[in-house]
Structure formats: C-alpha cells, structure tokens
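Undergrad: Quick one: structure below, then a few questions.
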Amino acid sequence: MITVNENFLKLKASYLFSDIAKKVKEFQNNYPDRELIRLGIGDVTEPLPSACIEAFHKAVDEMSDTKTFHGYGPEQGYAFLREAVSENEYKQYGADISPDEIFISDGSKCDTGNFQELFSNDISIAIPDPVYPVYVDTNVMAGRTGLNNNGRYDNLIYLDSNEENGFVPEPPSTKADLIYLCFPNNPTGATATKEQLKRWVDYALENRSLILFDAAYVSFIRDSSLPKSIFEIEGAKKCAVEFRSFSKNAGFTGTRCAFTVVPKDVMVYDKESNAHSLHALWNRRHSTKFNGVSYPVQKAAEAVYSAKGKEEVKALTDYYLENAAIIREKMISLGYSCTGGDNSPYIWIKSDMGSWEFFDYLLQNTGVVCTPGAGFGQCGEGYIRISAFNSRDNVIKAMDKIASLK
Ligand code: MLT
C-alpha cells in the first residue's frame, strides 16, 4: 500500500492563489459579461524590456547553429550572468558578493520553498505573520510543524507584523534557528531600515541562526536610505542567504529567472557542533536536483544589466510605482488606512469588514480582484492587498469603481 506523507494533510486544501483563481473563475462563469480587473496575484502585465527581447532572439538563433549551440549549461548558471549580478546588484552597492556565491534558478518561489531541505527537522523557525505562504507551507510539508490550530501551526514562532510595529517585527525573545524575512514586504509593502535589519543580523550572529532574506521586490525601493540587500549590513555574510528575482523588475514572471546568494562564510552545524559550509550544501542540492535555466533566458536576464536594459527596467518599475501611488492615494482619500505602495508594488489596506468578505464585496460589486489579507496569516485578517501590477487604464478604472461604492 502506498502511504501518504501525512504532513501534506496538515495543509489547507489548496494554495492561496489557487483558491482566489477558483473564486474568480466562478464569478466569470456566473457573470460572463462583467469586466474583471485583476489586482490580486502580483503578476506583471507589461512586456519584457526590448533589451531582453533582443538578447533572447539572438540567443535563440545561436541555438540553431552547431557552432553556437548550447546543451546543458552549468547548474549554477552561466558565468556571464553570475558576473553581471555580482557587479550590478552587489559590488556597486558596497556588498562584496562574488559570482560563485550566486546561484541562478528558475524562480524565488522554488528557491525559498526548497532551501529548507538543508536543515534538520527539529530546528525552531520564526516566520512573520502575515507572510508569503510558501515559507510556511514548505516547512509544513517537511514535517517541521504540528497541526494547524485556528489558523496557526504548532511549533512555529510567529512574528506578528501589525500597525504597532509598522509591519516590521523585531527579533523574538526566544531562540529561533531559522528566520524568514522579506523586504520590501509581501504582502504589506512595508520596508525595513538598516537599523532594523542590523538588529536581526546581530540576533542571528548571537544565536548562530540563519536568515532567509527574500528581496524579490528590491527594485521598487526609491528611498535611498533603505538597504537594497541584507549584505549591506555588517555581519550578514556570515548569517544570511538572499533571494532575488527578475520577475517583478524585468517582467520575467512567465520567462522564469531568479538567483539566490549563498555566501561562503555561512556555516551550519551538525549535532556535535561541527561547522559545515552552507554554500557547499546548497551547491550539492542544486546540482543534484536542478539542471540550470535555459541559455536564451539567461542571456535575456543578462541584458537587464546593459545600459538600455537598466533604463527600461527603471521605466517599468516607475510605471508600477505610479500605479501604486494612484491606488494608495485613492484608497486614503476614501478613508482607508494604507501601508506600502511607496517603495513597493503592494498596498496593504485596512478594511472595515473581514478580509474574505471585503474580497467578495469588491469582486461582486466592482469586478476588481484583490488578495484577502487573511490568506497570508492570522494578522492579515481585516486587511486586503492590492497589487499595482496592471495597466494604468485598468488601475484608474478599478479605483473609480471602488470609489463609486462610497
Ligand atoms: C504574490 O502575488 O504574492 C506573488 O505573485 C507570488 C509570487 O511571486 O509567487
């Protein structure tokens, strides 16, 4: 008899965005003529930068000739992309990350989900609430939690993110071995200062913990006082891993390319407290389970760092930030209190009804799809998240429709 991994039975029946997609589909079936405006899942709508498209085409042509054809590439990514990332994302900002500390992958969702495989099952884990559901669910699947009781899993240390702490939790008083942080934050759009991140790095160094830092939305930071990488913080190279993506800055959600930085100085320990290189372990895992991102996609990603690519990415992220400003201003003018939307594409809005209730209310009355805050955790109850990833026309139309409800 084939028996199931019972940890999977502890999960909610389906993934948050699948639940939402199902509700939206039902709405479409019931009202085929009603217009839908999707400001739910953070999926980009604007095309890839032309610099990326040109590099993509050129690389596809190379694949048609035996002299320039590429078969399996290095699992960790081609040197040209790892070098471009090291230079443009780190060295230029004073963070000394070398190309061989960068692992190219097909997405931050996979990397943030897979990384927990490297740790033993009895570690303590601190996870913010609200949070991107992948961090929690993948630890549930691995058996590191107990059952879900009233929306929270036993054995996790939840870090409440709320109005009182500006949606940036402080390190807990108890010891956590593994810590998930995401800034600019998904879902709240909150950002963390250097001082706030420094407290986390100090905590991790003191407790020999590891921080998994998801920086997928870093290209939306416009406030120059905010850190763009955890590696701008002294000591972080000994206690942090950083996840970055080409999805939200250059529109690669459908093209798939991301990278994870695992510094060589980070150590993990066995039961006898012997130190082991996290970099070597991730390299072992990555080269066993992954065969690299396709050559044309990596060439397209490299073009993000050309002069033209940089200009286009700036224009794309500015465009979504202008959408975010429109959403934020309109919702504030309608009397809602909002976080995010300034250095982030997400606006976190406090509602006067339950999260799913507000989601349904907006869907049924305006055709606007948002994301219910409760889907990101208990502290998200009473909030919704609106994403700025859509066309300007659709954003303006959505805001007019919401305003007309008042
Ligand atoms: C979101 O809407 O939270 C994101 O699109 C999720 C993701 O990037 O996987």
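Undergrad: Consider region 210-221. How many of its residues are touching a residue at least 40 places away in the same chain (Cβ under 8 Å), farther than 25 Å from A300 by Cβ and more than 16 Å from the ligand (Cβ to nearest atom)? Lay out the reasoning, then the answer.
TA: Taking region 210-221 first, the residues touching a residue at least 40 places away in the same chain (Cβ under 8 Å) are 210, 212, 214, 216-217, 219-221.
So of that shortlist, the ones also farther than 25 Å from A300 by Cβ come out as 210, 212.
From what's left, more than 16 Å from the ligand (Cβ to nearest atom): 210.
Residues meeting the conditions: 1.
Undergrad: Looking at region 379-393, is at least one residue charged (D, E, K, R), closer than 19 Å to S161 by Cα and surrounded by 19 or more Cβ atoms within 10 Å (Cβ to Cβ)?
TA: Yes.
Undergrad: Can you list the strands (runs of 3 or more DSSP E) found entirely within region 256-299 that contain at least 3 residues being free of Cβ contacts under 8 Å to residues at least 24 places away in the same chain?
TA: So the answer is 275-277.
Undergrad: Please find, within region 7-27, the residue that is farthest from the ligand (Cβ to nearest atom) out of those that are among the aliphatic types (A, V, I, L, M) and loosely packed, with under 14 Cβ neighbours inside 10 Å.
TA: L9
Undergrad: Here's a follow-up. For residues that are without any contact (Cβ under 8 Å) to a residue 12 or more places away in the chain and more than 24 Å from N365 (Cα to Cα), scanning just region 28-61, find the one that is nearest to the ligand (Cβ to nearest atom).
TA: Across region 28-61, the extreme among qualifying residues is H57.
Undergrad: Which residue, of T260, T288, T255, is among the hydroxyl-bearing types (S, T, Y) and either modelled with pLDDT under 95 or farther than 30 Å from E322 by Cα (or both)?
TA: T288
Undergrad: Across region 116-125, which residue is farthest from the ligand (Cβ to nearest atom) among those that are outside any loop (DSSP other than H, G, I, E, B) and under 22 Å from P169 (Cα atoms)?
TA: I125
Undergrad: Give region 311-348 a look and list any residue that's charged (D, E, K, R) and free of Cβ contacts under 8 Å to residues at least 12 places away in the same chain, or say none.
TA: If the condition is that a residue be charged (D, E, K, R) and free of Cβ contacts under 8 Å to residues at least 12 places away in the same chain, then E311, K314, D318, E329 are the ones that fit.
Undergrad: State all residues of region 247-287 that are out of contact with any strand residue (DSSP E or B) (no Cβ under 6 Å at 6 or more places or on another chain) and within 16 Å of the ligand (Cβ to nearest atom); if no residue qualifies, say none.
TA: Residues satisfying the conditions are S247, K248, N249, A250, G251, F252, T253, G254, T255, R256, C257.
Undergrad: If you check L156 against the conditions, is it without any contact (Cβ under 8 Å) to a residue 60 or more places away in the chain, outside the structural domain of K12 (by TED's automatic domain parsing) and under 17 Å from L11 (Cα atoms)?
TA: So L156 fits the description; yes.
Undergrad: Does at least one position in region 215-225 carry a residue that is charged (D, E, K, R) and outside any loop (DSSP other than H, G, I, E, B)?
TA: no
Undergrad: For P128, are the conditions met, namely being surrounded by fewer than 18 Cβ atoms within 10 Å (Cβ to Cβ) and either in a strand (DSSP E or B) or not acidic (D, E) (or both)?
TA: No; evaluated as a whole, the condition is false for this residue.
The values are calculated or read from the model by the stated rules, or taken from the named source; none is laboratory data. It should be emphasised that the depicted structure is a prediction, and the values quoted were computed from it without experimental measurement. Neighbour counts run over all protein chains shown; Cβ positions are idealised from the backbone, glycine included.
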